[in-house]
1. Return the residues of the stretch 224-276 that are part of a strand (DSSP E or B) and exposed (fewer than 13 other Cβ atoms within 10 Å of the Cβ); say none if nothing qualifies.
2. Which condition does residue 182 not pass, out of (1) in contact (Cβ under 8 Å) with a residue 60 or more places away in the chain; (2) within 14 Å of residue 46 (Cα to Cα), if it passes all the others?
3. So which residues in the stretch 94-118 are assigned to a loop (DSSP other than H, G, I, E, B) and in contact with a strand residue (DSSP E or B) (Cβ under 9 Å, 6 or more places away or on another chain), if there are any at all?
4. Give the residue that is modelled with the lowest pLDDT, with candidates limited to residues of the stretch 180-201 that are in contact with a helix residue (DSSP H, G or I) (Cβ under 7 Å, 6 or more places away or on another chain) and crowded, with 22+ Cβ neighbours inside 10 Å.
5. Could you please find all residues in the stretch 81-105 being buried (at least 16 other Cβ atoms within 10 Å of the Cβ) and in contact (Cβ under 8 Å) with a residue 40 or more places away in the chain?
6. With the requirement that a residue be part of a strand (DSSP E or B) and more than 14 Å from the chain's Cα centre (by Cα), what does the stretch 58-91 give you?
7. Hey, residue 21 hits all of (1) in a loop (DSSP other than H, G, I, E, B); (2) more than 30 Å from residue 142 (Cα to Cα) but one; which does it fall short on?
8. Is it true that residue 215 is touching a strand residue (DSSP E or B) at 6+ places or on another chain (Cβ under 6 Å), in a loop (DSSP other than H, G, I, E, B) and at pLDDT 95 or above?
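The values are calculated or read from the model by the stated rules, or taken from the named source; none is laboratory data. Being a predicted model, the structure only gives us computed values, none of them experimental. Cβ sites come from the backbone with ideal geometry, for glycine too, and all protein chains shown count toward neighbours.
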């Protein structure tokens with residue numbers, strides 16, 4: 001079974017009696033199934049600005065063996081301190097404690113047909129093919145292997161693919177990947193997220209692409225017939241993600257620097273028709 005350590009991921013601990021209700025009022029997905037110490041599933045969620053723009057995202061889970069009476073947030077390691085700082089602003093009288101535990105608990109990933117043999121394994125909630133996260137066990141392997149795997153599936157990875165204070169969740173596939181609780185109550189940034197969905201305001205999507213030629217740096221303009229239709233995001237070994245206008249996501253080929261990009265719209269992605 002393929003496996004890889006994930007040294008670029010970190011953990012934020014949200015401990016205390018009010019941990020689930022505290023998160024429930026702030027983040028994009030439903031946290032009500034967590035907080036009792038018995039949940040075995042992960043939840044994809046995001047923290048948004050009051051204007052509804054992405055700040056960071058994470059996989060929330062419980063693991064009493066690692067952190068009793070706590071919810072752990074598996075996030076980009078570079079965002080862990082930001083997540084603690086932003087959440088701390090809203091603590092007020094909530095009975096919680098926030099801590100950055102990045103580096104204390106090894107994080108890894110395995111993927112393939114068989115479930116891993118680990119006491120702290122959680123299924124990645126985004127796609128069945130994404131595999132499992134493993135905590136507390138140092139895995140062997142090359143982190144680049146997982147990077148290729150998630151690019152092949154079209155899964156974004158934090159600030160490598162999203163723009164802080166700019167990206168709208170629906171641009172990054174959070175709806176299809178189960179990262180938005182449409183039936184939950186209010187949370188920070190909900191209004192714009194709901195309006196984008198129900199009014200059909202989406203104009204761009206983060207789309208997997210095959211890269212023919214040298215890998216373009218992030219933010220390299222993507223063009224179609226000479227017109228700019230998007231920007232390159234992360235990539236590796238002929239695979240990448242690009243933020244594209246909807247009409248360009250269906251094009252057979254796009255230009256980007258010295259490379260040709262060929263959009264690969266995956267089966268899980270519900271790509272809306274472009275306006276008009």
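1. 227, 228
2. (1)
3. Across the stretch 94-118, the qualifying residues are 96, 101, 102, 103, 104, 105, 106, 111, 112, 115, 116, 118.
4. 193
5. 83, 84, 87, 94, 96, 98, 100, 101, 102, 105
6. Step one: list which residues in the stretch 58-91 are part of a strand (DSSP E or B), which gives 58-61, 70-76.
Hits for the stretch 58-91 are 61, 70, 71, 72.
7. With (1) in a loop (DSSP other than H, G, I, E, B); (2) more than 30 Å from residue 142 (Cα to Cα) applied to residue 21, the lone miss is (1).
8. Spelling it out, residue 215 is indeed touching a strand residue (DSSP E or B) at 6+ places or on another chain (Cβ under 6 Å), in a loop (DSSP other than H, G, I, E, B) and at pLDDT 95 or above.
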